[in-house]
Structure formats: structure tokens, C-alpha cells
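Contents: one structure, followed by commentary.
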Amino acid sequence: MTEEKLKALLDSMTLEEKAGQLVQCNAGQFIANTLEITGPDGETLPAEDLCRVMGSVLTFEDAKQAKALQDMHLAADPNKIPLLLMLDVIHGLRTTYPIPLAMGCGFDDGLVAECADMARKESAACGVHVTFNPMVDTARDARWGRILETNSEEPLLNSRMGAALVRATQGNDLSDPGNVACCVKHYAAYGAGEAGRDYNTVDVSERMLRETYLPAYKACLDAGARLIMPAFNALNGVPCVANKRLMNDILRKEWGFEGVVISDYNAVGELVSHGAAADLKDASRLAMEAGCDIDMVMNAYYLHLPELVREGTVSEEMVDAAVMRVLRLKNELGLFENPYHGADEEAEKKIYLCPEHREIARRAAEETAVLLKNEGILPFRKDVKRIALIGPFAEETRLNGFWSRPGAEKYTVTLPEGIRALLPEAELRTEKGCGAEIGDTDDSGIAAAVRAAAEAEVVILALGEPENDSGEGRSRAELTLPGRQTELAKAVIAANPNTAVLLFNGRPLVLTELAETAPALLEMWYPGTEAGNAAARLLWGDANPCGKLSAGLARSVGQYPMPYNRMSTGRPKPEPDNQPFPFTSCYLDMPNLPLYSFGYGLSYTTFAYEKLTLSRKTLGRGETLEVTVRVRNTGDRAGKETVQLYTRDPVGSVVRPVQELKDYQKILLAPGEAKDVVFRLREEQLRFYDMDGKQVCESGEIRVSAGWADHLLLTESFTLQV
Ligand code: NOJ
């Protein structure tokens, strides 16, 4: 449809119909008409009304339902404006790939794109028009259960991976029924909630906001994301959905965003509980004035926008502008011509969980697992006869993580299935040992687990955090393994030191006690559909671990917040980190550094960082220099290494971080092989926000290093002359 036709359509709509385009309910409510919309005179709206007015629907089942919803709506809507169908496809639809935090550990934008492409195909066939993805909230507090939804504690990683996901999901032409629009979320700084509690208030400085939190949303919009979702939290005193500075000034004016803003679930209504609005009417006004186009779920907009316009509180132009943005999106998706978009029951059957998709999911699970410790016991030998598989996750099917689709566990390859597929001859005994629930004190199964361990040649201990303990609304104050798992681990390892621990969890846990005794630790996160196959291949060396931590693992929850790119202080703690130094910035009872830092991860081979060279000694405004890092595989098997480039600006008009990731490249090296990895470092990557909130670059020394956080192996300097 042309812009003129869309405009004519808008002009023909009543105020109520316009408000209808700006509200959303979920499919269950839509079909059953159970949404409690109370009309202006206290009456409940009849079913036909709901079908007629609603502009979009979220959370539906499949292609069949997608078509039914569209049919119901189009039959009732006199304007014949198709519904927008939205779904949270976060790490796969039917074929589940690893959680985003794990994908961050892959340090591989290409892998993110490959997984997103597979999710796109499955989503399109399901009838999804918009996915509420990517979530790029930089998160540096593992107490926050939603840390699993982000790629990293690191803004650059979030920016690159978010952008890669957007490009792979949206393609070049949204009217192509195979493509799906992206809604980037949660704008802004949702990951900085005080004390790691979900939905909690956020107070960050302008510099922190601009340097740490905003870049990833901006990168996703630059990659073309058509929608954005304001976060639940209040940011510096004003809830995001009503935050004019965030939405009007930064998003619309400064960044020029012309797409659709959709509130989070009931966030407009929650302006009342925030104490930011007196009632739903006031909430509608505030959100509308801040530029929020769609009110997800709540009926604030539907009930109050017409009234607000009629009484002159909200201008009709403002409502029209919001409706036009929604209509344009529907038009761009080609919905006026093809309201089903890609919904196709036959395609669903063909591609859901097809071998190619399973293969991608398996590879992703292998490439994102992080080997934290290995005292030479992994990989196991394939001629093993007796294996004990112990722990609450030994036979678990729920290894997919939050946002996996209901029923996803039915398709999960479990650990026993994966091990049997790889080693059909070996005897495999499983014991649960104990539970993994918070507060579970039952240790009656530990004795049997110890016996099984003692009788086996090798032991796999599958520990972690139940799937429901991370995700939305699932913050924890303690980050150790729940239940009696640490006791189980100690007893099993004492009975058989040939034990490797596999960890399944959605957040960086505190593993300090476990790491002291476990001979090998392999962090699997929630690997998804192919969990068992990936784990078996990693344990027996068919796959070589290459993941690097996308967020550091604390020694104690008391170390949070613990960003790897912390600011330098006036009293830095001198080396070594293992003892306190009076009157320096340190703890009396533990080191400052995390147990495992950002960017850390082992392999079954070893790598030597041989040389770092700079193409020039000075760098001017707008210029680029090349940094070459020579890395050699010094072990006896092929392996992938993520070469990470860090900088430090030792003197600035404002205090700068002690290390900042600027680039990364993942390379494959054969045994003995060396490669020169070339990075192009641009002057603009060294800019920062000064005292006055201006982005500047200051002359002086810049140090360039390769290695991982807190372990920079090679360093050279150059002079910035701007
Ligand atoms: C609430 C969550 O915060 C958001 O991430 C999600 O997209 C919406 N619900 C819709 O399910």
C-alpha cells in the first residue's frame, strides 16, 4: 500500500479504532475473550469488539492458530487491517539453541547469525510477524535472573551479537514471508536494577548510560530493528515507558528512530504502581506523550486514549502518528496483501527440529560451553567400560532455559541419550544423588551416588540450577549451587577423582567451593535441544571446548557489581591479589578479582600468544591502526581460540576503565599452526564521554593488549594525537 493509501485509511478510522491499533492482548484472551476490558459505562466488551478492535496479539501457538486469529479478526474488522502477531522467540522456536548468555561465550557473531537464521525460518513458518528479540541489556549482576537473556556483561559483545541477530532475522525485505521483524529490548539499562532484583529501580550516571547501556540498543536499531520495547524499570527516577528524555530526546530525536515503540507487559498500567501516574488515564497520557505507540496487554490505551483526545489533553496528531507507525509496519510486512505472512502448517512439519537445525543447535551448544577447569582428566578415553552419571541433572530433560517454548523438553536429547549414542558399548549407571531446588535439604541419595561413583571408571556429575530459577522474575540473593549439590560433589569426587562436573545453569554461579575440589568443570549453561549430544562429544573430545566467559564468575556474591571494565581508583590494590593491602581498594576476606574472569575459557589444546605489533606509533583523528597478534596452537589437537583485543587509556579528563574490550576474532588452529590475527583499531573506538557529556578523544598514550580480562598477556602502546 502506498503512504497515501495508508493515510486515507487512517483518516477513515474512528478514534476507538485508532486506539485499537495501539493495544495488544495474548492469543488465549483473544480467542476466549477473557480479557477484562471494561467499557466506559462499566460494561465488559463483547467478543466481537475485542476481535474487531485489537491491533496485535502476542504469544500464540502455531501456524494454525496464527491463521485462525487473523481470520477471526479480519472477519470482524470493518477496516480490514490485519493483526500483528508477536512472539518471544529468544533462542529458537522448536529447535532450541543455547541461551543468549551462552551464545555470548561463543564470541562468534557468525554463529549467532546462523542460529538466528534457523529461528527465523521456524518462526516465519509458525506465523510470527515480530519477535521480541534481541534482548541486549548489558547485565553485570548475576543475581538478576534475566542475565541469561543477554549475551554478555560487555557492551561491545551485546552490540555486535544483537546486530547480527537483527540482520539474520529481518533479512532485506520484510514483506518476504520468510522474514520476521525484530523488537529490541529492554530500553534502557534494565540490567542495572539495584541489588540484582528484577523490575527494580535503576540509577546510573549519564556517562554510564551512554558508554555501557545505550550502545547495544543503538547498534540493533542501526542494524534495522523495526521495534523497540521500553524497560519495566524507572531510569533515574522516571519509568522508561514514560521517560521522555529516553524516548523522545534520545530515541526519536537524537537517533532518529521511526519504528514502533511497544510497552512491556502491562508497563503502561504499572505507571500507577510506580507512583508516576495517578490512574490508568494518567498513565495512558504519560506513555503516549513519551512516544510509546503500543500498550502491551493492558487496556489503558483502549479505554482512555479516545477520551484524552476528545477532552483535548492528548492531541489527535500524536495518536495518528503512533497509528501510522503501526500501519506502516503492517504494510512493510506485506500483511495487507498476505495477512498470514509465512504461517504454513506444512513448512512447520518440515523444518521444526529437522536434522539441519539440530546440527546447528548441537554445534552451537558445543561452541558455547566453557571449560573452566581441567586437571588433565578430560577428554575421557573412549575405551571406558563403566560410566557413572550422577546428579540432579543426570536425566533431566529441561535443559533449554527460560523462553524455550512450552513442551521443549520433549525434544531434548538427554545426557544418557547423548552418551549412549556416542558409546553404545559402555555400561552407564545413573544416580540422582540429590535435588537442585532452593532449600532442598534431602541428602538421602548421596550414599548411593557415592557407591556408583566408586564402582565406575569415570564419573560425570551433572549439577546446576533448575530451569525455573533464572529468567524473568527469578532473582537470587545467593548464587551457590542450590540444595545439597556441593556436598554431593565433594562426596562423589572423594570416592572417584576421575570426575568431571557438567554445569547447567542460566547465570554465572558462585562455584568457589566446587572449584577447589572438582578435577574438571565444564559450564554447559542451558544448551537446548541437543544438550546430551553436545555434552557427550565435548566430554569425549569429539568436540574441543572453545567458549570464553561472556560474564565473569564471582568468588562470592559480595563482589557484585563486578564489571570486568571497572574504573581505576586512587588506591588500587597492588599485586598479588590473594592478600589484603591496608588502605587500598580491596576486601579483607577475599581477592578482588573474580574466580574466573570475563573472556576466560580453556581448551583441550594450548595456545601461545607470541607477538603483538602495531602498524604505527601514533594515531590521529579519524585514523585507523592495525594491531597484529600472533597466536600459536602449542598442543596436539586442533582448537579454536578467541583472540581478544583490549585497550587502556591510562590518563584522561575523566577516570577510564582499567581494561576495555575493543574487538575479538575466533580462529581455528591446527596443532603447531600459528596465525597472525589482524585487528583494525579506529580512533573513534577510543572516544569517551567527558565531564560535560560530550564524546571526546584525548591525546596521550593508549595501551593495547591481547589476552583475557585481568590476564593481559601482551601489551604495546601508541600515542593518540588528536
Ligand atoms: C515481559 C518481558 O519482560 C518481555 O521481555 C517480553 O518480551 C514480554 N513480557 C512479552 O512476553
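Just so it is clear, none of the values below were taken in a lab; they were calculated from the coordinates. Everything quoted here is computed from the prediction, not taken from an experiment. Cβ coordinates were reconstructed from backbone atoms using ideal geometry, including for glycine residues, and neighbour counts include every protein chain displayed.
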Nearest-20 debye value, the chain charge dipole, Cβ charges on Lys, Arg, Asp, Glu
2000
Taking only Cα atoms, what is the 0 to 90° angle, nearest 10, from helix 485-495's long axis to the longest principal axis of the chain?
20
Theoretical gain in end-to-end length, residue 79 to residue 490 [0.36 nm per residue, Cα-Cα removed]:
141.3 nm
Formal net charge of residues neighbouring residue 317 (Cβ-Cβ distance under 15 Å; K, R +1; D, E -1)
+1
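Can you compute the helix-only [θ] at 222 nm over the chain? Use -39500 (n - 2.57) per DSSP H run of at least 4 residues, normalise by all residues, nearest 500 deg cm²/dmol.
-8000 deg cm²/dmol
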Taking only the alpha carbons of the stretch 553-637, what extent do you get along each of the three principal axes, in Å, biggest first?
43, 43, 21
Hey, what angle do you get for helix 280-289 against the long axis of the chain, alpha-carbon based, 0 to 90 degrees rounded to 10?
80
Determine the sum of side-chain charges near residue 622: Lys and Arg each +1, Asp and Glu each -1, restricted to other residues whose C-beta is under 10 angstrom from that of residue 622.
-1
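Just need the relative contact order of the chain here, percent rounded to a whole number, with Cα pairs under 8 Å and 6+ apart.
Numbers: 1781 pairs, mean separation 93.3, N = 722.
This gives 13 percent for the chain.
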Give the cross-link partners of residue 382 among the lysines, using a straight C-alpha distance below 25 Å as the criterion and excluding same-chain residues fewer than 8 apart.
373, 432, 640
Residues whose placed amide H lies under 5 Å from that of residue 226, excluding near-sequence neighbours
182
Lys and Arg at +1, Asp and Glu at -1: neighbours of residue 327 with Cβ under 11 Å from its Cβ sum to +2
Under 5 Å between amide hydrogens, which residues at least 5 positions from residue 677 or on another chain qualify, with H placed 1.01 Å from N in the peptide plane?
629, 630, 631
Aspartates and glutamates near residue 573 by alpha-carbon distance under 20 Å, same-chain residues fewer than 8 away left out - which ones?
589, 649, 660, 710
How large is the translational diffusion coefficient of the chain in µm² per second when you combine the Kirkwood radius over alpha carbon pairs with Stokes-Einstein at 10 °C and 1.306 mPa s?
59
Under 18 Å from the Cα of residue 244, which aspartates and glutamates turn up, not counting those fewer than eight places away in the same chain?
203, 206, 254, 258, 264, 270, 282, 289, 293, 295, 317
Note on the chain, DSSP bridge orientation, antiparallel percent to nearest 5 equals 55
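Given 64/253; 185/675; 18/121; 18/350; 121/185; 385/675, which pairs have Cα atoms separated by over 29 Å?
Beyond 29 Å between Cα atoms: 64/253; 185/675; 18/121; 18/350; 385/675.
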